[in-house]
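Data first, discussion second: the structure below is written as structure tokens.
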Amino acid sequence: MAPCHDGGRDESADLPDLVRDICSALLNQIDQLSSRLAALKKTIDTLSKQAATSRRLQTMPGVGPIAALAIETFAPPMEAFKCGRDFAAGSGWSLGRSRAAASND
């Protein structure tokens, strides 16, 4: 096990006190962020399951809860577009060849 994995608490590891303190502080931050991210994920998953539009969007390959909620929240009303291709073009999404592929011709 690397010396920092236990927050520098392993007395048998030959680490200066400063390194122990830094490891402990960093691991505490990781724990706090992990908890916050888990709570946010739970909220996002709940919201994306409640909204019919988000549920429908998630049936498309590559569209998960975050993308579905973002599309539902920020995209113009679908009625503003004649078809899905117009929506993709207006949103900056390409249904055809990628720009990188086109520039290599």
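The values are calculated or read from the model by the stated rules, or taken from the named source; none is laboratory data. On a predicted model such as this, the values are computed, not experimentally measured, just so you know. So basically every Cβ, Gly included, is an ideal-geometry build from the backbone, and we count neighbours across all protein chains shown.
Some observations on this one:
- Within region 44-62, the set of residues being assigned to a helix (DSSP H, G or I) and exposed (fewer than 11 other Cβ atoms within 10 Å of the Cβ) comprises Thr46, Gln50, Ala52.
- Failed criterion for Ser24 (all others in (1) loosely packed, with under 13 Cβ neighbours inside 10 Å; (2) over 18 Å from the mean Cα position of the chain (by Cα) hold): (1)
- Here Met1 meets each of (1) at pLDDT below 90; (2) assigned to a helix (DSSP H, G or I); (3) exposed (fewer than 10 other Cβ atoms within 10 Å of the Cβ) with one exception, condition (2).
- Taking first residues from region 36-54 that are more than 11 Å from Glu72 (Cα to Cα) and partners that are β-branched (Val, Ile, Thr) and in a helix (DSSP H, G or I), the Cβ contacts under 8 Å between residues at least 6 apart in sequence or on separate chains come to Ile44/Ile66.
- Count - residues of region 63-85 that are of a type in the set (Asp, Glu) and surrounded by 12 or more Cβ atoms within 10 Å (Cβ to Cβ): 1
- Residues that are within 19 Å of Phe87 (Cβ to Cβ), within 17 Å of the chain's Cα centre (by Cα) and among the hydrophobic types (A, V, I, L, M, F, W, C) within region 27-59 comprise just one, Leu57.
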